[in-house]
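Novice: There's a structure below that I have some questions on.
The values are calculated or read from the model by the stated rules, or taken from the named source; none is laboratory data. Computed from a predicted structure; not experimentally measured. FYI the Cβ positions are ideal-geometry reconstructions off the backbone, even for glycines, and counts take in every protein chain you see. The protein model used for the area step is the full one, side chains on, heavy atoms only, and it has no ligands, DNA or RNA in it. Shrake-Rupley method; radii C 1.70, N 1.55, O 1.52, S 1.80 Å.
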Amino acid sequence: MKNYFYAFALLICGFVYAQEDTEPELWITFEYTPKKGMNQKFEEAIAEKTKIFNKADNAAYTAVLMTGSGAENGRYERIMPRRTNDWYNNSLSSEETSFWQKNVAKYIQSGEGAYVWQRNKSLSINFEEPRPTKYFRSFIRVLKNGNNEDFWRYLRRYTEVLKKARPDVQ
């Protein structure tokens, strides 16, 4: 009887856990280094792709890395914000992906990604704008599996302080 109870409790816990955050907001990023001397053509191809395919609800942005280890090598970061699981599943066979492969990928020397991120909405500020500003700052923190409560407590407190100290960035 005890084994049935444990099996039932495990089943209920698994079901509750599986229902957590069923509609995350995904952000997908790539980093690219254009072929030597092809930066201008790379940027023109991205501009053409952006003009044809970017819609308000399906925007993608490309930024030149200004600081960090990749900046001196002319690296670009491609940001695809506010995606869903459905978009991600359907995007691989889209016309937009085919266009990218034919017209943009030929100018790329090396690339990294796709990196799929999930935005924690309760700990984010200034994200409700439909498009990013001309410049943006990105902090990436990689957490090891395990005891992360200290980090989340710090981030929650930092967000609260920033909202009070800088209401203009909300």
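Novice: So, in the range 1-42, exactly how many residues are modelled with pLDDT of 80 or more, open to solvent by 90 Å² or more (accessible area, probe 1.4 Å) and part of a helix (DSSP H, G or I)?
Specialist: 2
Novice: Based on this model, can you work out whether Ala45 counts as touching a strand residue (DSSP E or B) at 6+ places or on another chain (Cβ under 8 Å) and either of a type outside the set (Phe, Trp, Tyr) or at pLDDT below 85 (or both)?
Specialist: Spelling it out, it is not the case that Ala45 is touching a strand residue (DSSP E or B) at 6+ places or on another chain (Cβ under 8 Å) and either of a type outside the set (Phe, Trp, Tyr) or at pLDDT below 85 (or both).
Novice: Return the residues of the range 48-96 that are at pLDDT 75 or above and of a type in the set (Asp, Glu); say none if nothing qualifies.
Specialist: Of everything in the range 48-96, those that are at pLDDT 75 or above and of a type in the set (Asp, Glu) turn out to be Glu48, Glu77, Asp86, Glu95, Glu96.
Novice: Let me ask you something else. How many residues are among the basic types (Lys, Arg) and in contact (Cβ under 8 Å) with a residue 60 or more places away in the chain when one looks only at the range 25-64?
Specialist: Number of matching residues: 3.
Novice: Follow-up question, since we're still on this one. Yes or no: Gln118 open to solvent by 100 Å² or more (accessible area, probe 1.4 Å), within 28 Å of Gly37 (Cα to Cα) and either at pLDDT 75 or above or of a type in the set (Phe, Trp, Tyr) (or both)?
Specialist: Taking the combined requirement at face value, the residue does not satisfy it.
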